[in-house]
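First comes the structure, then the notes that go with it.
Read-outs: derived from the displayed coordinates by stated rules, not from any lab. None of the values given here were measured: they were computed from a predicted structure. Cβ sites come from the backbone with ideal geometry, for glycine too, and all protein chains shown count toward neighbours.
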Amino acid sequence: RGETCHMTHPKHILGRYGEQAACDFLVSIGHEIIDRNWHGPTGELDIVTRVAGLTVFVEVKTRNGRGFGHPFEAITETKAGRMRRTAAAWLTAKQVGPVPVRFDALSVLVEGGRVHIEHMKQVL
């Protein structure tokens, strides 16, 4: 009693919406989505894409309003290190040989019924 499904929490709904908006955006600029929400021993990868011969690991930060600062501010050094280790685990698990990789961040800001997306390439 008192437990609820975590996916129904407004924060999780917003996060799922933001990730879908991010995927739609990435596809619109030529990325092929090859994995989503992959859980490894050191963390989770939001989106993995392929574009122009690169495997791209994309961290998505979604906010509604600017009350908690810019979404990119949530990507700390600790988070960046975890993302690198998780990407290495993904490459091993998927048996992807040595490939050029890039780490991107996507900010999805939902404000006043509008969605604003910012894409930063090579954040790590």
Can you pull the three principal axis extents for the Cα set of the chain, in Å, largest first?
43, 38, 26
Here the gain from full extension of Ala80 to Leu14, 0.36 nm per residue of separation minus their alpha-carbon distance, amounts to 21.5 nm
Centre separation in Å (Cα based) which lies between segment 28-52 and segment 94-109
6 Å
Summed residue charge, Cβ within 12 Å of Leu91's Cβ, Lys/Arg positive, Asp/Glu negative:
+2
Proximal charge balance of Cys23 [Cβ under 12 Å; K/R count +1, D/E count -1]:
-3
Rounded to 5, percent antiparallel among DSSP beta bridges of the chain:
70 percent
Which lysines, if any, have their Cα less than 24 Å from the Cα of Lys94, not counting same-chain residues under 8 positions apart?
Lys79, Lys121
Order by protection proxy (mean Cβ within 10 Å, highest first), peptides 36-45, 18-27:
18-27, 36-45
